[in-house]
Each structure stands twice: as structure tokens, then as C-alpha cells.
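Please treat every number below as a calculation from the coordinates, not as lab data. Please read all numbers here as calculations on a predicted model, not as lab measurements. Positions of Cβ are generated from backbone atoms using ideal geometry, with glycine treated the same way; all protein chains shown enter the neighbour counts.
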Amino acid sequence: MSELSEPLENYLKEIYELEETKGNAKVVDLIEAFSISPGTISKALDRLESLGFIDRKSRRIRLTEDGKRLAVRLIRSHRLSERLLTDVIGLDWIRAHELAHRLEHIWPEDVLDKIDEVVGHPKTCPHGHPIPGREEQVEGIQLSEAKPGEYTVLMIVKEKEWILRMADSLGLLPGRKVRVVQNSRGEVKIQNDDRESVVPRSLTEQVIVRGTQ
């Protein structure tokens, strides 16, 4: 796939995802995402810049065309791997996400195309993130901003284990309908499957929804 090490490829993928969700990537975001020292990330970014994959002239980390091309390839591989693991093999979306981190580095392009065909050319991964090339835009609001009413869950922003586990337990899965009963400073009372639950702000900020009306 490329001559980069897996850690360097992971940095490119994270930068792409940060640009996708936040509009830009900062060093502090990478330090938080990978739980590494500033010195370690600095060396990695120096390497990626010297290879022409990123540009830091504006003091923000931006992917070059080559960097974006490789990141998109990794993202597509990761999200299709998740679909294969959940839709075909039947794994839960937490384990699928963990295994996809390994699989994303190994699939040849022709195998990826075959996986895409087998899983039915999905628009998103199981967590609601768009598959690159589908031109699918996730347009919604954080659950923390939702007023009382009916909504459809679109996406789980950060695919950390505690977030996915809690979202699963509360029925906040992409494609599911949910009624917001009350919103108190981002802590949201919801109703789904004939039960009411209180969703803490730490989770409501990670769930993207769209009104159904």
C-alpha cells in the first residue's frame, strides 16, 4: 500500500478525520488521540512533512494531495473492513473497530473493491461515518443541542470503546429513531423502545442526529 510505517499512516488517517469533523487538525488533537508525548508527535510530523504528505506553513496541519490520497485509501479500507466484520461476520461494532485498525493496512485495492461489493456498497461505516467516494455528507446536530422532538441518529463521532458501549446500551445507533423528551444543559432525556433514559453530556456531544420533521 505504501512505504510508510503503520504509526505514520495512522497519523495521516487521524488528521483526515479531524479535518472531516473539526475542519482542521492541531498537534494537541493528535497528542490526545494517540496518548503520546509532544516530542514523539513532532518527530512524526517532521517525517510526514519531509515526505510531502502534510503542510504546516499556516501553523495548522493540512494534508497535501498525496497525503489526502493515502488517508482516504486508509479510511475507505478501515470503514469497509468494519462493514465486513459487522454485516457479514457478525462481530459487534466495538471489536470490529479494533480489528479494522489492523486490517486497513493490508488489503490490496482489488480485495477492497470485492469487499465493497460483498457488503453492498454501503454509504457509511457501522458508526455512521461516510465511506470515501460515496459523496455522502453527514448533516445534523449534536444530541446535546437537540430540542424536544423526533430525531434519527446519524453518526457516533469518536469511536472510543466507552462511547460505543454506552451508545449501544442506550439504543443510540445510526439509523435508529429517538425522541428527545428534555434537554437540560446538554444532558438529554430520551425515549426509545418504550423506555426513557438520561444521556450524559459526555455522550450527547458524540452523537449526531437529524430531526425527522
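Taking 35 Å as R0, compute the FRET efficiency from the Cβ-Cβ separation of GLN137 and LEU99 and round it to 0.05.
Working: r = 27 Å, r/R0 = 0.78.
The computed FRET efficiency comes out at 0.80.
Charges at C-beta only: +1 for Lys and Arg, -1 for Asp and Glu. How large is the resulting dipole of the chain about its Cα centre, in Debye rounded to 20? Don't skip to the end; give the middle numbers.
Details: 33 positive and 37 negative charges, 144 e Å.
Result for the chain is approximately 700 debye, rounded to the nearest 20.
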Ranking ARG69, ARG76 by Cβ neighbours within 10 Å, fewest first, what do you get?
ARG69, ARG76
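Placing unit charges on C-beta atoms (Lys and Arg positive, Asp and Glu negative, everything else neutral), compute the dipole magnitude of segment 111-193 about its Cα centre in debye, rounded to 20. Write out the running numbers ahead of the final one.
On the way: 12 positive and 13 negative charges, 79 e Å.
Magnitude of the dipole: close to 380 debye.
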Which aspartates and glutamates have a Cα less than 16 Å from the Cα of LYS57, not counting those fewer than 8 places away in the same chain?
ASP46, GLU49, GLU65
Per 10 Å bin from zero, what fraction in whole % of the C-alpha pairs of the chain is there, up to the bin with the longest pair?
8, 32, 33, 21, 6, 0
Rank these for me by crowding, HIS101, HIS121, HIS78, going from fewest to most other beta carbons within 10 Å.
HIS121, HIS101, HIS78
Inter-label distance for ASP113 and GLN191, nm, one decimal - labels placed 7 Å from Cα along Cα-to-Cβ:
5.1 nm
Please tell me which of these pairs span more than 29 angstrom C-alpha to C-alpha: LYS43/LYS68; LYS13/LYS189; LYS22/LYS189?
LYS13/LYS189
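Kirkwood hydrodynamic radius, segment 55-140, all distinct C-alpha pairs: what's the number in Å?
Working: mean 1/r = 0.0732 Å⁻¹.
The Cα-based Kirkwood calculation yields 13.7 Å.
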How much of the calculated P(r) for segment 1-105 lies past 19 Å, in percent of all Cα pairs?
44 percent
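Mean 1/r over all different Cα pairs, inverted: what Kirkwood radius does segment 141-211 give, in Å? Present the calculation step by step, with values, prior to reporting the outcome.
Details: mean 1/r = 0.0872 Å⁻¹.
One over the average 1/r among Cα pairs gives 11.5 Å for segment 141-211.
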